[in-house]
Every structure is written in C-alpha cells, then in structure tokens.
Amino acid sequence: MNIRTMTPTPALAGDIAERAAEHADDALHAVQSGVAGLRERVPEALSRATAQAEDLARRGLERVAEAGDAARWRIKDEPVKAVLLAAALGAGALLLVQWLGRHRPSRGSERSRLFH
C-alpha cells in the first residue's frame, strides 16, 4: 500500500495473497496431521473398549451362573423353605401391584372429569 495515496499496489496484493495461501496450506497440513493421529488412536481405543466390555460381560455371566448354582443348591437342600420364600415374594409383589393400582388415578377417570 502506498502510504501517500492509501491505495493498494498490485505487488502488495500479491504478497497478501501469497501469505494467505501459505497460512491456509499450513492449516491444511495441521488438520491432516491431526486426522492421521486420530486414525491411529481410535482403533486402539475401540479395541480396548471392546476388550473391557467383553470382560465385563464374561464376569457378569459368571456371576449369574454362580447365583443360579447357589439357588439350585438351596432349592435342593431346603425345598420347603424355597417354596415358602417364593410364595412370600409373590404375595409381596401382588400386594405392591394392588397398592400402586389403588393410589394411581386411572386415565379414564381423569378424562371423564375433564369432559364432564
């Protein structure tokens, strides 16, 4: 830019365009480098996460199997107690369902109050 006339010169405009292109090129290389780094790290992270999920699932299945074995042992060892416990749990669940049903207004009653 000519300071006296404050008008841009072709040389200055070319210099500015060249610098902008260099900065854009540097930014593009930085982005490409970052993407390449992600491509290397993401599969490793997914592999670790998959291994951890498989390990958790395996341990969960082992615990379920152990609980099932313990329940079978208790049923075989004390069948009367197992039946009484199952009956008590069933009765408790039934009472809970009935109690929840009584203390929760039905949708039909709400609807009838609104339209009548």
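Derivation of every value follows stated rules applied to the coordinates shown; laboratory data play no part. Since the model is a prediction, treat every value here as computed from it, not as a measurement. Cβ atoms come from the backbone with ideal geometry, glycine included; neighbour counts cover every protein chain shown.
Points worth noting:
- Calculated on the Cα set of region 36-86, radius of gyration then Dmax: 20.6, 66 Å.
- Taken over region 1-98, the ratio of Cα radius of gyration to 2.2 N^0.38 Å equals 2.87.
- Think of each Lys and Arg Cβ as +1 and each Asp and Glu Cβ as -1; about the Cα centre, that makes the dipole of region 1-77 roughly 480 debye.
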